[in-house]
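The values are calculated or read from the model by the stated rules, or taken from the named source; none is laboratory data. Fair warning: this is a prediction, and the values are worked out from it, not measured in the lab. Neighbour counts are summed over all protein chains in view; Cβ atoms, including those assigned to glycine, are modelled from backbone coordinates with ideal geometry. Accessible surface is based on the protein model in full, side chains and every heavy atom, while ligands, DNA and RNA are left aside. Shrake-Rupley method; radii C 1.70, N 1.55, O 1.52, S 1.80 Å.
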Amino acid sequence: WEVVPSPTSVSLTAVSYGNGYWLALSPLYGPGGVPQPQTVLRSSDGLTWQQLENVRGLEIPPNSFSLPLTFLNGRFLLKMLSDLETNIWKQSSDGQTWTDFPLPAGFPVNDITYANGLWVCVGFPGLFARATVPGAWIPDSSALTSASVDNVVYLGGHFHAFSRGSSGLQEFSSADGI
């Protein structure tokens, strides 16, 4: 391993690969909890990084923080939490221009995945929704648990969702996201 120089002095806490390049983002708060502008870096090879200037649409409400960056179905997704515990999801194909990712109404979305032409999201309390196109969500009205479902992945031909309820870790599995 060797150290790869960064064009920024801020720490970077989220990184993902897609559409032929890497994106890396800084936290919203620096040392001592001091707010700092979101820094976005892009690289085609993971070695040479360019700091993106004039990033649009990544304005983040006060007292918010960003969570891991992921890449799904041609877009980077960034989840943010505000001080009101409201989940905000942003999407970008290039890291330069960000827009709101359309979420299902009625519950805070904790995680989203995409596979086989289907978007699946999970949230609280134990709710699921699915869509072939983001914004055209079909909610599953039968909550599988009263706890928050925190993660969803697609692996081995099935969607797997995970919840940490009072009885410990629970896993839910579905071949079709329903």
Charge context of residue 38, other residues only, Cβ under 11 angstrom, K/R +1, D/E -1
0
What whole-number value in Å² describes the accessible area per residue of region 94-145 for a 1.4 Å probe?
43 Å²
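Would you mind counting up the charge near residue 67? Only other residues with Cβ under 10 Å from its Cβ, with Lys and Arg at +1 and Asp and Glu at -1. Don't skip to the answer; put the middle values down first.
Numbers: positive: 79; negative: 111.
Taking every Cβ under 10 Å from that of residue 67, the sum is 0.
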As a test question: what accessible area, to the nearest 10 Å², does residue 138 have when a 1.4 Å probe is rolled over all protein chains in place?
90 Å²
So how far apart, in nm, are the two label points at residue 169 and residue 100 if each is 7 Å from Cα heading toward Cβ?
3.5 nm
For region 155-163, just list the computed ³J(HN,Hα) in residue order, Karplus coefficients 6.51, -1.76 and 1.60, θ = phi - 60°, integers in Hz, with x standing in for Gly and Pro.
8, x, x, 9, 7, 10, 10, 10, 10
Given H placed 1.01 Å from N in the peptide plane, which residues other than close sequence neighbours of residue 18 have an amide H under 5 Å from its amide H?
23
In the set [x] 1.00; [y] 1.09; [z] 1.25, which value of Cα Rg over 2.2 N^0.38 Å was calculated from the structure you see?
[y]
Just to be sure I understand the model, the point goes 7 Å from the Cα along the line to the Cβ. What's the resulting residue 133 to residue 11 distance in nm?
4.2 nm
